[in-house]
1. Got at least one residue in the stretch 78-89 being modelled with pLDDT of 95 or more, assigned to a loop (DSSP other than H, G, I, E, B) and either at positive phi or in contact with a strand residue (DSSP E or B) (Cβ under 8 Å, 6 or more places away or on another chain) (or both)?
2. Which of the residues spanning the stretch 29-47 are under 20 Å from residue 80 (Cα atoms) and either of a type in the set (Lys, Arg) or open to solvent by 50 Å² or more (accessible area, probe 1.4 Å) (or both)?
3. Determine which member of the set 50, 86 is under 12 Å from residue 15 (Cβ atoms) and surrounded by fewer than 18 Cβ atoms within 10 Å (Cβ to Cβ).
4. Taking the stated definitions as given, is residue 92 open to solvent by less than 50 Å² (accessible area, probe 1.4 Å) and within 20 Å of residue 17 (Cβ to Cβ)?
5. Tell me the residue from 68, 20, 78 that is over 28 Å from residue 124 (Cα atoms), of a type in the set (Ser, Thr, Tyr) and in contact (Cβ under 8 Å) with a residue 24 or more places away in the chain, please.
6. Kindly indicate which of 59, 12 is open to solvent by 80 Å² or more (accessible area, probe 1.4 Å), within 30 Å of residue 105 (Cα to Cα) and of a type in the set (Lys, Arg).
Amino acid sequence: ISMPIPTVKDLKIFVPTKDYEVSIEFYTKLGWTLNWKSDGLAEVELAGQRRLLQKYYAKQWAHNFMVYLMVEDVQDWYEHAADLLREKSYGEAKVQPPKKEDDGAIVTYIHDPCGVLLHCAEEVKQEA
């Protein structure tokens, strides 16, 4: 007998922070909207996708955590992040210049204040 799969109403991921307030500022300056915030949890949203920044840090977890963003223009995201990081230092935050991956995708890597990797990729244009 096959049981029906229960309905899921929402899905969010928990993202670590080393310095909770610094991470909230970083994400909002980068373009996320802060929907709400409590003492140890904050919901941020970008492109209709929400995540929960949490006041919890484990280095091994943070440095192996990735968020994939399909973006319209990788160069624009690189410049946006680079400008932000020229204005202010945000912990371990850094950005790497765009490059072409083996699969043809153009990517830029933005590391958040605790080392979480934001993997920004531009859609690969298929040749006819």
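1. No, the stretch 78-89 has no match at all.
2. Passing the criteria: 29, 33, 34, 45, 47.
3. 50
4. no
5. 20
6. Result: 59 is the single residue among 59, 12 that is open to solvent by 80 Å² or more (accessible area, probe 1.4 Å), within 30 Å of residue 105 (Cα to Cα) and of a type in the set (Lys, Arg).
The values are calculated or read from the model by the stated rules, or taken from the named source; none is laboratory data. Worth saying up front: this structure is predicted, and the values here are computed from it rather than measured. Neighbour counts run over all protein chains shown; Cβ positions are idealised from the backbone, glycine included. The accessibility values were calculated without ligands, DNA or RNA, using every heavy atom of the protein model including side chains. Shrake-Rupley method; radii C 1.70, N 1.55, O 1.52, S 1.80 Å.
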